[in-house]
Amino acid sequence: MAQSISREAALRVALAARELGSLPIRKLVSALVERLELPLTEAKLATVTVADLQLLLQGDDVVESEVPREQLKQAVRLLWGEGIANHDLPPVAHYADGDMPGSIRVACASNREQLLDGHFGSCERFLVYQVSPVEVRLIDVRPTLAADHAEDRNVARAALIHDCQIVYVQSIGGPATAKVVRAGIHPVKVANRGDSGGEALQALAQLQQALHHPPPWLARIMGVEAGSLAPFAAALAAGEA
């Protein structure tokens, strides 16, 4: 089913589910697929009305209580693709190969804005950054909905960030860790700070400092000689996967 939902459609559904009160995305997807059939495309989502959505949610007992009409309207607008640019999605900057010499690519498991608040297996999206000693640039936002309907969602999630060398997460299980490492990606767990791991840019600022004198594991990723471990000690205090 992973190929039956485009990235744009997946993003719309994920945002609509959140608008409906943290509705499990899988439930909303199932209801939409039953109504619209696969593949789930942007064009099909654009045909959903408030009345349609209300019937879908109530008829299949997807939600336990009636959703206020204004929330339904906003969810429909998001399914149509309206207002997504302003719906806590950070702006993405252009990047071309060679733009940032000495840089590496890093994914951050995220649910809101540019927060590092996601678990590898359940985050709504991966924020993808290009990080060099002098610059951090957000180059992509990748929703995970399509990956979650693959036969092995952890493998599909790893494939979603296959071009990254590192992934920052709040949590990741042992089997998922093995699959991420097998994909050539180094997982790093961050300290839990209440409901989030803090701003992604804070963690990436620490990584930036480490690029000057990389510890052995980071040196291997960069293909350079290892330097002192000291500059990265603070980041490692959170523990690595």
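The values are calculated or read from the model by the stated rules, or taken from the named source; none is laboratory data. Remember, it's a predicted structure, so these values are computed and weren't measured experimentally. All Cβ positions, glycine included, derive from the backbone under ideal geometry; neighbour counts span all protein chains shown. Quick note on the areas: whole protein, heavy atoms, side chains included, nothing else; ligands and nucleic acids left out. Shrake-Rupley method; radii C 1.70, N 1.55, O 1.52, S 1.80 Å.
Looking at (1) open to solvent by 60 Å² or more (accessible area, probe 1.4 Å); (2) at pLDDT 90 or above; (3) touching a helix residue (DSSP H, G or I) at 6+ places or on another chain (Cβ under 7 Å), which is the only condition residue 60 fails?
Every condition holds for residue 60 apart from (2).
Which condition from (1) open to solvent by 30 Å² or more (accessible area, probe 1.4 Å); (2) more than 30 Å from residue 172 (Cα to Cα); (3) modelled with pLDDT under 90; (4) part of a helix (DSSP H, G or I) is the one that residue 52 breaks?
In the conditions (1) open to solvent by 30 Å² or more (accessible area, probe 1.4 Å); (2) more than 30 Å from residue 172 (Cα to Cα); (3) modelled with pLDDT under 90; (4) part of a helix (DSSP H, G or I), residue 52 misses (3) alone.
When residue 119 is evaluated against the numbered criteria (1) open to solvent by 40 Å² or more (accessible area, probe 1.4 Å); (2) over 10 Å from the mean Cα position of the chain (by Cα); (3) over 15 Å from residue 208 (Cα atoms), which criterion, by number, is the only one it fails?
Of (1) open to solvent by 40 Å² or more (accessible area, probe 1.4 Å); (2) over 10 Å from the mean Cα position of the chain (by Cα); (3) over 15 Å from residue 208 (Cα atoms), only one is false for residue 119: (2).
Taking region 195-227 on its own, how many of its residues are open to solvent by 60 Å² or more (accessible area, probe 1.4 Å) and modelled with pLDDT under 85?
4
Name the single residue, out of those in region 15-49 being β-branched (Val, Ile, Thr) and within 21 Å of residue 142 (Cα to Cα), that is least open to solvent (accessible area, probe 1.4 Å).
Our first condition is that a residue be β-branched (Val, Ile, Thr); within region 15-49, this holds for 25, 29, 33, 41, 47-49.
In the following step, the residues that additionally are within 21 Å of residue 142 (Cα to Cα) were identified as 25, 29, 41.
Working: 25: 41, 29: 2, 41: 44 Å².
Once the filter is applied, the top-ranked residue is 29.
Would you mention how many residues in region 141-156 are charged (D, E, K, R) and either at pLDDT 95 or above or part of a loop (DSSP other than H, G, I, E, B) (or both)? Please lay out each step first, then the result.
Residues of region 141-156 charged (D, E, K, R): 142, 148, 151-153.
Filter once more, keeping what is either at pLDDT 95 or above or part of a loop (DSSP other than H, G, I, E, B) (or both): 151-152.
Looking only at that region, the number is 2.
Filter region 95-104 for residues that are touching a residue at least 12 places away in the same chain (Cβ under 8 Å) and open to solvent by 40 Å² or more (accessible area, probe 1.4 Å) and give the result. Full working, then the answer.
As a first pass, look at region 95-104 and keep what is touching a residue at least 12 places away in the same chain (Cβ under 8 Å): 95, 99-104.
Residues satisfying the conditions are 95, 99, 101, 102.
Can you name the residue in region 166-193 that is part of a loop (DSSP other than H, G, I, E, B) and open to solvent by less than 60 Å² (accessible area, probe 1.4 Å) and, of all such residues, is modelled with the lowest pLDDT? Show your work before the answer.
Start the filter on region 166-193 by keeping residues that are part of a loop (DSSP other than H, G, I, E, B), which leaves 170, 172-173, 183-185, 190-192.
In the following step, the residues that additionally are open to solvent by less than 60 Å² (accessible area, probe 1.4 Å) were identified as 170, 172-173, 183-185, 190-191.
Numbers: 170: 93, 172: 96, 173: 94, 183: 96, 184: 95, 185: 96, 190: 88, 191: 75.
Per the stated criteria, the residue is 191.
Inspect all residues belonging to region 83-94 and state whether any of them is crowded, with 23+ Cβ neighbours inside 10 Å, touching a helix residue (DSSP H, G or I) at 6+ places or on another chain (Cβ under 9 Å) and not in a loop (DSSP other than H, G, I, E, B). So that I can check it myself, show each step before the final result.
Restricting attention to region 83-94, the residues satisfying the condition of being crowded, with 23+ Cβ neighbours inside 10 Å are none.
Within region 83-94, none of the residues are crowded, with 23+ Cβ neighbours inside 10 Å, touching a helix residue (DSSP H, G or I) at 6+ places or on another chain (Cβ under 9 Å) and not in a loop (DSSP other than H, G, I, E, B).
Which residue, of 7, 12, is under 22 Å from the mean Cα position of the chain (by Cα) and buried (at least 22 other Cβ atoms within 10 Å of the Cβ)?
Numbers: 7 fails: buried (at least 22 other Cβ atoms within 10 Å of the Cβ).
Residue meeting the stated conditions: 12.
Is one or more of the residues making up region 139-146 open to solvent by 40 Å² or more (accessible area, probe 1.4 Å) and either basic (Lys, Arg) or out of contact with any Gly (no Cβ under 8 Å at 6 or more places or on another chain) (or both)?
Taking region 139-146 and keeping what is open to solvent by 40 Å² or more (accessible area, probe 1.4 Å), we get none.
No, every residue in region 139-146 fails to be open to solvent by 40 Å² or more (accessible area, probe 1.4 Å) and either basic (Lys, Arg) or out of contact with any Gly (no Cβ under 8 Å at 6 or more places or on another chain) (or both).
Out of curiosity, is residue 109 closer than 28 Å to residue 40 by Cα, part of a helix (DSSP H, G or I) and open to solvent by less than 10 Å² (accessible area, probe 1.4 Å)?
Values: closer than 28 Å to residue 40 by Cα: yes; part of a helix (DSSP H, G or I): no; open to solvent by less than 10 Å² (accessible area, probe 1.4 Å): yes.
No: the conditions fail for residue 109.
Is region 110-127 home to any residue that is touching a His at 6+ places or on another chain (Cβ under 9 Å), closer than 24 Å to residue 221 by Cβ and modelled with pLDDT of 95 or more?
So far as region 110-127 goes, no, none of its residues is touching a His at 6+ places or on another chain (Cβ under 9 Å), closer than 24 Å to residue 221 by Cβ and modelled with pLDDT of 95 or more.
What pairs come up if the first residue lies in region 125-143 and is within 24 Å of residue 15 (Cβ to Cβ), the second is part of a loop (DSSP other than H, G, I, E, B) and among the small types (Gly, Ala, Ser), and their beta carbons are under 9 Å apart, counting only those six or more places apart or on different chains?
As it stands, the answer is 125/118; 126/118; 137/93; 137/103; 138/93; 139/93, since those pairs meet every condition given.
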